[in-house]
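Quick note: the coordinates plus some simple rules give every number you see, no bench work behind them. Since we're looking at a predicted model, the values are computed, not measured. Neighbour counts are summed over all protein chains in view; Cβ atoms, including those assigned to glycine, are modelled from backbone coordinates with ideal geometry.
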């Protein structure tokens, strides 16, 4: 293992996120191909989860326009399958990082298995204090990580710092369609947020999201709402009896039940026009004043 384990104070946000995602990691194996993202579901009922997950990762790679000359930072890499897929698909060199040490261990196992130690490195750490030098990476990706970062805006500042001038960042993330007004809207958003360890500061509409990127120095920002192609497909996949049964075996009932509740809350909030899923692209200028 080439990554030193970080220790979080039990009251730190990182500790809570790591505890949430650590449950059952050792039992996952190749369930769902080792992927954890919601998937980009094609308008075809025959598509399976692994294909949807890989569609989403490939879309982020295309947004970034990476190739074999790129040096990518993959923030919140999960168990490493997305990182290896990105390398195999686009040929880029990658530094991966995740807040969950068990994820880092799984990622390293996969790197070793595929003999990719010269192409992919992995570190244990937090997105809000990246352990890398200024102007290191040509590209940054984060798939469904930024909603957890404490805070998302602090991650933007760190991402801007470690990106080279003219560097590009692409994210798959969640946003509020509008601030909840009615009591039931507030309750639904709060249920999803609290169970999923999303800091209150990250309850961003597209307008606030864009302002935070701009304040951090990013330009040429595009944000595309794609929830209809993502959230329902994942929700109905997770409610299949055979998937529920497998997840209970992997994570245990106590850990799995909140996961089902989160999936339901996110799906319902999306259905009611409260939450969406977004693809984000932003660039660091050639000459930065930050």
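Overview of values
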item: Residue in the range 195-207 that is farthest from residue 164 (Cα to Cα), counting only those that are in contact with a helix residue (DSSP H, G or I) (Cβ under 9 Å, 6 or more places away or on another chain) and surrounded by fewer than 20 Cβ atoms within 10 Å (Cβ to Cβ); result: 195
item: Selected residue (only one of 284, 210, 215 is out of contact with any helix residue (DSSP H, G or I) (no Cβ under 9 Å at 6 or more places or on another chain) and closer than 30 Å to residue 162 by Cβ); result: 210
item: Residues located in the range 9-38, provided they are under 19 Å from residue 245 (Cβ atoms), more than 16 Å from the chain's Cα centre (by Cα) and assigned to a loop (DSSP other than H, G, I, E, B); result: 23, 24, 29, 30
item: Output for the range 46-77, where each listed residue is touching a strand residue (DSSP E or B) at 6+ places or on another chain (Cβ under 6 Å) and in a helix (DSSP H, G or I); result: 60, 63, 64
item: Hey, residue 142 in contact (Cβ under 8 Å) with a residue 40 or more places away in the chain and crowded, with 24+ Cβ neighbours inside 10 Å or not; result: yes
item: Residues that are surrounded by 21 or more Cβ atoms within 10 Å (Cβ to Cβ), in contact with a strand residue (DSSP E or B) (Cβ under 6 Å, 6 or more places away or on another chain) and part of a strand (DSSP E or B), drawn from the range 91-111; result: 94, 95, 96, 97
item: Search result, residues across the range 190-241 that are out of contact with any strand residue (DSSP E or B) (no Cβ under 9 Å at 6 or more places or on another chain), part of a helix (DSSP H, G or I) and free of Cβ contacts under 8 Å to residues at least 60 places away in the same chain; result: 190, 193, 194, 200, 201, 207, 211, 235, 236, 238, 241
